[in-house]
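Here is the structure we will look at.
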Amino acid sequence: MGWDSSQGAQQATGNPLDISVNGSGFIAVQDVTGQEAYTRAGDLHVDPNGQLLTATGLQVMGDNGPISVPPYNSISVGKDGSVTIVPKGQTAQTVSVVGRIKLVNPPADQVTRGADGLFHSTSPDPVAADAATTVTPGTLEASNVNIASSMVNMIQLARQFDMQIKSLHNADQNAQSTTKLLQGSSG
């Protein structure tokens, strides 16, 4: 697989556009080539043109394409990914749903991690939305990397590398010694 699919801890931010995916699953985005891709990074914002974007500037996909947000007084994201606003100039009683973030949960063997850090479908078709995948608004997912375990693994790999280098060095010295012995005995 090449990546750890376990969920990281959710950290409360209070930002209504910060979301973390619960369990496995992804947020659908449009990558720089215009194709659908998937991420777990839920630090979202609305740009001056009203586009819902990731922190890296990728458009967040809804059930019907990229999500556009009209001017608003307040905005929120529901557990199901629905984006609701109180339109500019309206009261809090006037709530409008502007879209639903496309949440997907493909089997691990149907996505692959790209060089761009995003996940891509292994088939030519985009992954279907999954109604059972939910998000927690006002939170971001922390890294799922266990630093202590990673350090121990890195030290073990470094030691193995050193042992292999020493073995190669010893084999080279043995070859040189053998060559000298053979040259000495042929003379």
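Each reported figure results from applying straightforward, stated rules to the coordinates on display, with no laboratory input. Source: prediction; values computed, not measured. Backbone-built Cβ (ideal geometry, glycine too); neighbour counts: all protein chains shown.
Assorted remarks:
- Between 0 and 90 degrees, the angle of helix 147-186 with respect to the longest Cα principal axis of the chain falls at about 20 degrees.
- Cβ crowding within 10 Å averaged over residues, with 103-109, 167-173, 135-141 ranked highest first: 135-141, 103-109, 167-173
- Percent of Cα pairs exceeding the 24 Å cut-off, where the set is the chain: 52
- Between residue 43 and 19, 55, the built amide H atoms are under 5 Å apart, and every one of these is 5 or more places off in sequence or on another chain.
- The calculated P(r) of region 146-187, using every Cα pair and 10 Å bins from 0, goes 27, 25, 19, 15, 10, 4, 0 in percent.
- Comparing 21, 60, 97 in a Gaussian network model of the chain where C-alpha atoms under 10 Å apart are linked, the largest mean-square fluctuation is found at 97.
- Gyration tensor (Cα) of region 28-98, equivalent ellipsoid semi-axes in angstrom: 23, 12, 10
- Sequence-distant residues sharing a close amide H with residue 63 (under 5 Å, placed H): 100, 102
- In this rough spin-label picture, where each label sits 7 Å from Cα along the Cβ direction, the residue 55-residue 172 distance is 4.4 nm.
- The Rg/Rh ratio for region 21-64, using Cα coordinates for both the radius of gyration and the Kirkwood hydrodynamic radius, is 0.95.
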